[in-house]
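Novice: One structure, as structure tokens, below. Some questions next.
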Protein chains: 2
Amino acid sequence: MMINPTSRAVFGLRVNLSRCLRSLPRLACRSYSQKVVPLTKETYPSTARNQAFARLSSDDIGEFKKILSDKNVLTDATDLEFFNEDWMRKYRGESKCVLKPQTTQQVSQILKYCNEKKIAVVPQGGNTGLVGGSVPVFDEVVLSLANMNKIRSFDNVSGIFKLDAGVILEIADQYLAEQGYIFPLDLGAKGSCHVGGNVACNAGGLRLLRYGSLHGSVLGLEVVLADGTIVDSMHSLRKDNTGYDTKQLFIGSEGTLGVITGVSILCPARPRFTNIAFLGLESYEAVQHCFTQAKNELGEILSAFEFMDEDSQDLARKFIKQTHPLEETYPFYVLIETSGSNKEHDDAKLETFLETSMENGIVSDGTVAQDEAQLKTLWYWREGVSEASTIGGGVYKYDVSIPLKDLYGLVEAARERLEEANLIGETDDFPVLRVLGYGHVGDGNLHLNVAVRRYTKEVEKCLEPFVYEWISEHHGSISAEHGLGFQKKNYIGYTKTENEIKLIKQLKNLYDPNGILNPYKYV
Amino acid sequence: MMINPTSRAVFGLRVNLSRCLRSLPRLACRSYSQKVVPLTKETYPSTARNQAFARLSSDDIGEFKKILSDKNVLTDATDLEFFNEDWMRKYRGESKCVLKPQTTQQVSQILKYCNEKKIAVVPQGGNTGLVGGSVPVFDEVVLSLANMNKIRSFDNVSGIFKLDAGVILEIADQYLAEQGYIFPLDLGAKGSCHVGGNVACNAGGLRLLRYGSLHGSVLGLEVVLADGTIVDSMHSLRKDNTGYDTKQLFIGSEGTLGVITGVSILCPARPRFTNIAFLGLESYEAVQHCFTQAKNELGEILSAFEFMDEDSQDLARKFIKQTHPLEETYPFYVLIETSGSNKEHDDAKLETFLETSMENGIVSDGTVAQDEAQLKTLWYWREGVSEASTIGGGVYKYDVSIPLKDLYGLVEAARERLEEANLIGETDDFPVLRVLGYGHVGDGNLHLNVAVRRYTKEVEKCLEPFVYEWISEHHGSISAEHGLGFQKKNYIGYTKTENEIKLIKQLKNLYDPNGILNPYKYV
């Protein structure tokens, strides 16, 4: 029996999905007419500017203009706003200069100059990072990769793709789609983020369950070290055991070891058929059972298993302003994606899975996308949560790994703690609007979001180090995929051992002895 | 239509596979009654012992015995033979002492002592390496991980597996099989090699096409550095972006940066159904077409695509001494494995693929395994080639990556060159017996084997640097999965750039300033 769009009783479907297909709002653009984000140095007065770094002079600007031409050296205050302020509107630096090189050679010349002059540099991709890692803390120069946005080559037999660091993820994936391939990474910020930034931050995202981490799929990098040395390892080989795999160090180094200018990555064939099921469940236990069953019954075609709690969907309803895919509300929702090569087989597997899940009571309600537009709509109810969480004005984001059985416990613990501190409520008197949990169950990765009306020290003190301690007690990681950045710099000890941290510091010192790359962050 | 065991005309099958099911010879054990392997220092007189290293004294032996107890310090000449000589019988060292620690703490104490005394150390796993990386060159102490062979833990929800470095790969996989999981690595030497050695050498093997490289699946390591520092990163998290991923450096470092004592690895659910097809093809072009078609039609269930040339199967016939799966001979053979969760779907996909391949003339003949025993038999005709290639007495092995279109060209070029030099022939007058090519087409990975009756300088000079130059001209890697070891130490420049090599040397110097770990090799 195939999935029949009309036999919806099987899945308890009571909603006509076409209602959701009216045009969705575009991902929100930041509006700079909103209230001004306080300077990071004022919010965190204990972080002091490193006086070993030079202050930028007009001679330096002149030198940059010689390397780049006038138009790629931004110094106008309005032009600088975007580059100084992070996506969450939580951190703001005071850089006086943004550099936009167009070639690797230019990046090399800039870094060589800055290293000699001890000018601190913040490499920046799409500036969509969530831990304050991509913006200056003080007056660091911003090195934007936005002008390095060319696709270099694609081999449509092997699937090996080479491109500049500044190519926007969605553009890269669209290019591959035309060739029958897929970028092995996908995430909410795909319309703005750069592939180089993705690699620098070891982004995880929505396809990790199926295609694994960037440590496995990146085949080579082109990197410029702090002293301007260009290391070209843009190899096109799936296997290469000649020497230490040094490129791995730059994957997830958040711009502190070198500037990634080019990426060579292995891209899988694009699955020909995709199904999405959006399900309502009564408990977190049911979510876990649902995952085990999906692994067993969907096997090799399971490509995503995402969960969201009701608080996250409630904010999404307010943000998306469309009818939710499910008529009733449930404590938990699961989005399942299958991707395969044979529609008949895929449909049959999904149908068996859904029938069994309904019969044994794991799933209470659900809907299955019937066409490409519905696929996108259902995904948007998961992907849109990140932006929906900023609806009150700001959000504290904790992106963590926790063994599966304890995953949702952190959301409950944080909610309880904020309630006890009387910091959460429905009116403007309370800084916290909502505590929500969602994420990639398949990867043990939870996004704990605390949606706020304003950033306050009380909320921050209530959450930190509490959240990190809770994670450490439960043998988790304080950063699953977002990185350390500025936000988590001081908390690495909750996840890594002393000896691990020692190795990390040794490497930083080896590659960037003057510490000019992305200072005040990471380690 | 399902695959029908009797409808063999479809695949042109003319052979009854049950003929192949008589007991197969076990993987050959090395016999030390054979002629003595010359000492490496005599074969390569230009490599000089580093006089900075101490000569082992009886005091040192006494100290080792204090750390390990008497029985785990081997000094008897007969006991040392296995550890001094490599699997290919090409390299032989003169170590006077083999240490067999049972705990990480003991490894730490040994290394601390050796580092202080400047005693050179060769870490050794199953000693199945193919580039002379696991045996001493001179009098280095051998640190065998064979006694560290315990499974530490397995989580059967997440599939995260923690084990000592000295666990034999096949034992690890058998343990997982009982839990419904699979080790994401498989290779011919699985009955002897250690998982720690596999990680240290970044082994690729037969499952890489499906499960990716160890850089993606290893989640954590326990490593002892040259100075005895224990770095414990045995994490159980699929995602962890806190700091540089330093464990990656040890994956593929061949024991030159530290000694791996523990491995944490993500293991996928074991596919429930496996099919194997063994096919005969008329040309290398047909092999490539067959691969493209397999990717398209088998999609997510394709788990291996291996090829072998007729020379490799001819030696395998002599070695295995059983009837070959195909009655006729063909210039090329392909072994295809599918692994999936639904037998009916898998069979249908394979059948469609085989029908199409026969119809369009890509495949000339073939057979499909009907049961577990036949699966093993067919695999053995691929896996047995490595050992079959030693049938004449020795083998020069080149394990290389080359873009797919040029892959087999290297085998033809090497054969031609040896013929021109009059070094290959059917009688004992000729040092070379056969030139064979086989490997992992799916990974662009060729094994070029030159089967010899004896190792001679003439053959070596005819092959090197010719083979490396050919690979470099064709943008390949001189070591796809076997590593550099002693054999390829001087050839890294054919694959890596100067700046890459500089980074590698910096790291070696950082982690092992006295150079005591696996000297004379790698870099």
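The values are calculated or read from the model by the stated rules, or taken from the named source; none is laboratory data. The shown structure was predicted, so the numbers you read here are calculated from the model rather than taken from an experiment. Cβ sites come from the backbone with ideal geometry, for glycine too, and all protein chains shown count toward neighbours. In case anyone asks, the SASA skips ligands and DNA or RNA and just uses the protein heavy atoms, side chains included. Shrake-Rupley method; radii C 1.70, N 1.55, O 1.52, S 1.80 Å.
Novice: I'd like to verify a number: residues in region A:283-296 that are surrounded by 20 or more Cβ atoms within 10 Å (Cβ to Cβ) and among the acidic types (Asp, Glu), how many?
Specialist: 0
Novice: Given the structure, is A:Ser312 farther than 30 Å from A:Asn518 by Cβ, assigned to a helix (DSSP H, G or I) and of a type in the set (S, T, N, Q)?
Specialist: When the stated conditions are applied, A:Ser312 passes them.
Novice: Same structure, new question: Assuming A:Glu300 fulfils every condition listed in (1) more than 13 Å from every other protein chain (Cβ to nearest Cβ); (2) not in a strand (DSSP E or B) apart from one, which condition is it?
Specialist: Result: A:Glu300 passes all but (1).
Novice: I would also like to ask the following. If I filter region A:216-274 down to residues being within 7 Å of chain B (Cβ to nearest Cβ) and small (Gly, Ala, Ser), which single residue comes out as farthest from the chain's Cα centre (by Cα)?
Specialist: Per the stated criteria, the residue is A:Gly243.
Novice: Being open to solvent by 50 Å² or more (accessible area, probe 1.4 Å) and under 27 Å from B:Pro271 (Cα atoms) is the filter here, so list the residues in region B:359-372 that pass it.
Specialist: B:Gln370, B:Asp371, B:Glu372
Novice: Please specify each residue of region B:138-156 satisfying the condition of being open to solvent by 20 Å² or more (accessible area, probe 1.4 Å) and not β-branched (Val, Ile, Thr). Full working, then the answer.
Specialist: Taking region B:138-156 and keeping what is open to solvent by 20 Å² or more (accessible area, probe 1.4 Å), we get B:139, B:146-147, B:149-156.
Correct list: B:Asp139, B:Ala146, B:Asn147, B:Asn149, B:Lys150, B:Arg152, B:Ser153, B:Phe154, B:Asp155, B:Asn156.
Novice: Has region B:337-346 got any residue that is away from every other protein chain (no Cβ under 14 Å), within 21 Å of the chain's Cα centre (by Cα), within 21 Å of B:His440 (Cα to Cα) and open to solvent by 10 Å² or more (accessible area, probe 1.4 Å)?
Specialist: Looking for residues that are away from every other protein chain (no Cβ under 14 Å), within 21 Å of the chain's Cα centre (by Cα), within 21 Å of B:His440 (Cα to Cα) and open to solvent by 10 Å² or more (accessible area, probe 1.4 Å), one finds none in region B:337-346, hence no.
Novice: Now for a separate question. If you go through region A:488-500 one residue at a time, do you hit one that is touching a Ser or Thr at 6+ places or on another chain (Cβ under 9 Å) and modelled with pLDDT of 95 or more?
Specialist: Within region A:488-500, not a single residue is touching a Ser or Thr at 6+ places or on another chain (Cβ under 9 Å) and modelled with pLDDT of 95 or more.
Novice: Further, regarding this structure: Only residues that are among the hydrophobic types (A, V, I, L, M, F, W, C) and more than 30 Å from A:Ala200 (Cα to Cα): list them for region A:260-290, please.
Specialist: Filtering region A:260-290 for residues among the hydrophobic types (A, V, I, L, M, F, W, C) gives A:260, A:263, A:265-267, A:269, A:273, A:276-279, A:281, A:286-287, A:290.
Selection gives A:Phe273, A:Ile276, A:Ala277, A:Phe278, A:Leu279, A:Leu281, A:Ala286, A:Val287, A:Cys290.
Novice: Condition first: surrounded by 24 or more Cβ atoms within 10 Å (Cβ to Cβ) and free of Cβ contacts under 8 Å to residues at least 40 places away in the same chain. Now tell me which residues in region B:432-467 satisfy that.
Specialist: Result: B:Val432, single match.
Novice: Please go through (1) more than 10 Å from every other protein chain (Cβ to nearest Cβ); (2) under 28 Å from B:Ser341 (Cα atoms); (3) modelled with pLDDT under 95 for B:Leu279 and return the number of the only condition it doesn't satisfy.
Specialist: Every condition holds for B:Leu279 apart from (3).
Novice: So, A:Ile478, is that one assigned by TED's automatic domain parsing to the domain that holds A:Ala414 and either among the polar types (S, T, N, Q) or closer than 25 Å to A:Thr128 by Cα (or both) or not?
Specialist: Taking the combined requirement at face value, the residue satisfies it.
Novice: Spot the failing condition for A:Gly188; the list is (1) away from chain B (no Cβ under 14 Å); (2) in contact with a strand residue (DSSP E or B) (Cβ under 6 Å, 6 or more places away or on another chain), and only one is missed.
Specialist: (2)
Novice: Follow-up question, since we're still on this one. Residues in region B:500-519 that are touching a Leu at 6+ places or on another chain (Cβ under 8 Å) and closer than 16 Å to B:Leu484 by Cα: how many?
Specialist: Adding up the residues that qualify gives 2.
Novice: Quick check on my filter: what residues within region A:297-326 are open to solvent by 10 Å² or more (accessible area, probe 1.4 Å), touching a strand residue (DSSP E or B) at 6+ places or on another chain (Cβ under 8 Å), of a type in the set (Asp, Glu) and in contact (Cβ under 8 Å) with a residue 40 or more places away in the chain?
Specialist: Within region A:297-326, A:Glu300, A:Asp311, A:Asp314 meet the criteria.
Novice: Here's another thing I want to ask about it. I need the full set of residues from region A:502-514 which are within 26 Å of the chain's Cα centre (by Cα) and within 7 Å of chain B (Cβ to nearest Cβ), in order please.
Specialist: Within region A:502-514, A:Leu503, A:Ile504, A:Leu507 qualify.
Novice: Next question. Check off (1) modelled with pLDDT under 95; (2) under 27 Å from B:Leu208 (Cα atoms) for B:Gly409 and give me the number that stays unchecked.
Specialist: (1)
Novice: Additional query: Do any helices (runs of 4 or more DSSP H) lying entirely in region B:415-523 carry at least 3 residues that are over 20 Å from A:Leu237 (Cβ atoms) and touching a helix residue (DSSP H, G or I) at 6+ places or on another chain (Cβ under 9 Å), and which ones are they?
Specialist: Values: elements: B:457-463, B:466-473, B:498-511.
Output list reads B:457-463, B:498-511.
Novice: Let me ask something else about it. Which of the residues that make up region A:373-400 are of a type in the set (A, V, I, L, M) and open to solvent by less than 30 Å² (accessible area, probe 1.4 Å)?
Specialist: Selection gives A:Leu375, A:Leu378, A:Val385, A:Ala388, A:Val395, A:Val400.
Novice: I'm trying to understand the selection: among the residues of region B:45-62, which are open to solvent by less than 50 Å² (accessible area, probe 1.4 Å), among the small types (Gly, Ala, Ser) and in a helix (DSSP H, G or I)?
Specialist: Initial filter on region B:45-62 (open to solvent by less than 50 Å² (accessible area, probe 1.4 Å)): B:47, B:49, B:53-54, B:57, B:60-62.
From what is left, the residues that are among the small types (Gly, Ala, Ser) are B:54, B:57, B:62.
Selection gives B:Gly62 alone.
Yes or no, residue by residue, for (1) open to solvent by 20 Å² or more (accessible area, probe 1.4 Å); (2) assigned to a strand (DSSP E or B); (3) at pLDDT 95 or above; (4) assigned by TED's automatic domain parsing to the domain that holds A:Gly197:
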position: A:Asn127; (1), (2), (3), (4): no, no, yes, no
position: A:Leu130; (1), (2), (3), (4): yes, no, no, no
position: A:Gly133; (1), (2), (3), (4): no, no, yes, no
position: A:Pro136; (1), (2), (3), (4): no, no, yes, no
position: A:Leu163; (1), (2), (3), (4): no, yes, yes, yes
position: A:Gly166; (1), (2), (3), (4): no, no, yes, yes
position: A:Asp173; (1), (2), (3), (4): yes, no, yes, yes
position: A:Leu176; (1), (2), (3), (4): no, no, yes, yes
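Novice: Being farther than 18 Å from B:Val37 by Cα, outside any loop (DSSP other than H, G, I, E, B) and charged (D, E, K, R) is the filter here; which residues of region B:63-90 pass it?
Specialist: Scanning region B:63-90 gives B:Glu63, B:Lys65, B:Lys66, B:Asp70, B:Lys71.
Novice: For B:Leu354, indicate whether it is outside the structural domain of B:Val411 (by TED's automatic domain parsing) and out of contact with any Phe, Trp or Tyr (no Cβ under 6 Å at 6 or more places or on another chain).
Specialist: no
Novice: Which residue, of B:Glu426, B:Glu355, is touching a residue at least 40 places away in the same chain (Cβ under 8 Å), open to solvent by 30 Å² or more (accessible area, probe 1.4 Å) and among the acidic types (Asp, Glu)?
Specialist: Every option except B:Glu355 fails the conditions.
Novice: Shifting gears a bit: Is it fair to say B:Lys318 is in a helix (DSSP H, G or I) and under 16 Å from B:Arg207 (Cα atoms)?
Specialist: The answer is no for B:Lys318.
Novice: Give me the pairs, please: first residue somewhere in region B:111-122 and over 18 Å from B:Lys100 (Cβ atoms), second residue anywhere and of a type in the set (A, V, I, L, M) and in a loop (DSSP other than H, G, I, E, B), beta-carbon distance under 7 Å, and either six or more positions apart or on two chains.
Specialist: Listed by first residue and then by second, the contacts come to B:Asn115/B:Ala226; B:Asn115/B:Ile516; B:Lys117/B:Ala54; B:Lys118/B:Ala52; B:Lys118/B:Ala54; B:Lys118/B:Ile516.
Novice: A follow-up question, please. Would you pick out the residues in region B:471-495 that are facing chain A (nearest Cβ under 9 Å), touching a Leu at 6+ places or on another chain (Cβ under 9 Å) and not hydrophobic (A, V, I, L, M, F, W, C)?
Specialist: Correct list: B:His475, B:Gly476, B:Ser477, B:Glu481, B:His482, B:Gly483, B:Tyr491, B:Thr495.
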